[in-house]
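Novice: Have a look at the structure that comes next, please.
Read the figures in this text as sums done on the coordinates, not as results from a lab. Everything numeric in this text was worked out from a predicted model, so none of it was measured. Cβ: placed from backbone, ideal geometry, glycine included. Neighbour counts: every protein chain shown.
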């Protein structure tokens, strides 16, 4: 248990569906991150939020839409995904300074 | 792009020390060396980090060379549960666009009985 909770743990969705991934932390962290990990590939940073403001978008397709309503919650809204978007999606948070980041257990997404 | 180089895989016998090397020859003065590990299909787990002094915690030791161009993570008594991919990452001290954690391919450590 890292203090970062992701839901759901597993998700299967069709290409025309709309779904959302949720990440929650009550560690008092200011920064939150979304990562994508495809099979046998390194983690890829998708989005960074600092104090609820998006500070980085690594050329992520618009079918992925992040939302950070407050410093404790981060969402990733998904719509019209492709099968190649199937991956493990990981959320992380930290204080935005010299401390470790904590990761959630991830959401295993399968697009059919 | 990741700024570190690690061997793709290593083996270690259970109960022995595991020494995982990492090269970071372009590290800047304000960048820390972080180590994380990822057990299959789980979220990465923080292990240790340091700037220039050697560090030790309950999980591992981190040895950083004097020129800071390389480091070694030491698991003193490896167990089967230490089998994982180990990532060495350089990261600026705080804030800014380069503060993010950028993962490379890491080293797959396999601990054998």
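Novice: Give me the Kirkwood hydrodynamic radius of chain A, using the inverse of the mean 1/r over all pairs of distinct Cα atoms, in Å to one decimal.
Specialist: One decimal place: 13.9 Å for the Kirkwood radius.
Novice: Same structure, new question: Over the whole of B:42-49, what's the average partner chain Cβ count within 10 Å per residue? Rounded to a whole number, please.
Specialist: Across B:42-49, the average partner-chain Cβ count within 10 Å equals 6.
Novice: Label-point separation (nm) for residue A:80 and residue B:56, each offset 7 Å from Cα along Cα-to-Cβ?
Specialist: Those two pseudo-labels are separated by 5.8 nm.
Novice: Dividing the alpha-carbon Rg of chain B by 2.2 N^0.38 Å yields what?
Specialist: The value comes to 1.01.
Novice: Mind listing P(r) for the protein assembly as shown? All alpha-carbon pairs, 5 Å bins, whole percents.
Specialist: Percent of Cα pairs in each bin: 1, 7, 15, 18, 19, 16, 12, 7, 4, 1, 0, 0.
Novice: Another question, if that's okay. If we sort A:20-26, B:84-90 on the protection proxy, mean other Cβ atoms within 10 Å, highest first, what's the order? Display every interim value, and only then the final one.
Specialist: Details: A:20-26: 18.7, B:84-90: 23.6.
In decreasing order of mean packing, A:20-26, B:84-90 become B:84-90, A:20-26.
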